[in-house]
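The values are calculated or read from the model by the stated rules, or taken from the named source; none is laboratory data. Please read these numbers as outputs of a predicted model, since none were measured by experiment. Every residue, glycine as well, gets a Cβ built from its backbone with ideal geometry; the counts of neighbours run over all protein chains shown.
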Amino acid sequence: MPIFPRKPKYTIVKVAKKRDIPDDLWTRCEECSELIYNKKLDEALRVCPKCSFHFTLGARERINLLIDEGSFVEMDADMETLDPLNLRKR
């Protein structure tokens, strides 16, 4: 009988099945790669609790953070910007 038992030549790796978790529950921080629960991220005003990275906010999200609910009235929603230098891609 050998003193040291021999290791098998190969190892069987079991692959875990991905659970049915909706993709919109978690967000990965772009700075520190921390996985953050979206509800906690919203409570922290879209700032990573680990590294203080500020996630981008859309215009509607920013308005909802700054203005009292029901007090915002949008004006000129159909207004378009001018392009005098023809910078707009064709």
>> Out of the residues in region 1-33 meeting the condition of being surrounded by fewer than 13 Cβ atoms within 10 Å (Cβ to Cβ) and not in a loop (DSSP other than H, G, I, E, B), tell me which one is modelled with the lowest pLDDT.
In response: Asp23
>> Only one of Ile36, Ile63 is in a strand (DSSP E or B) and without any contact (Cβ under 8 Å) to a residue 24 or more places away in the chain. Can you tell me which?
In response: Ile36
> Are any of the residues in region 80-89 touching a strand residue (DSSP E or B) at 6+ places or on another chain (Cβ under 8 Å) and either surrounded by 10 or more Cβ atoms within 10 Å (Cβ to Cβ) or part of a loop (DSSP other than H, G, I, E, B) (or both)?
Replying inline: no
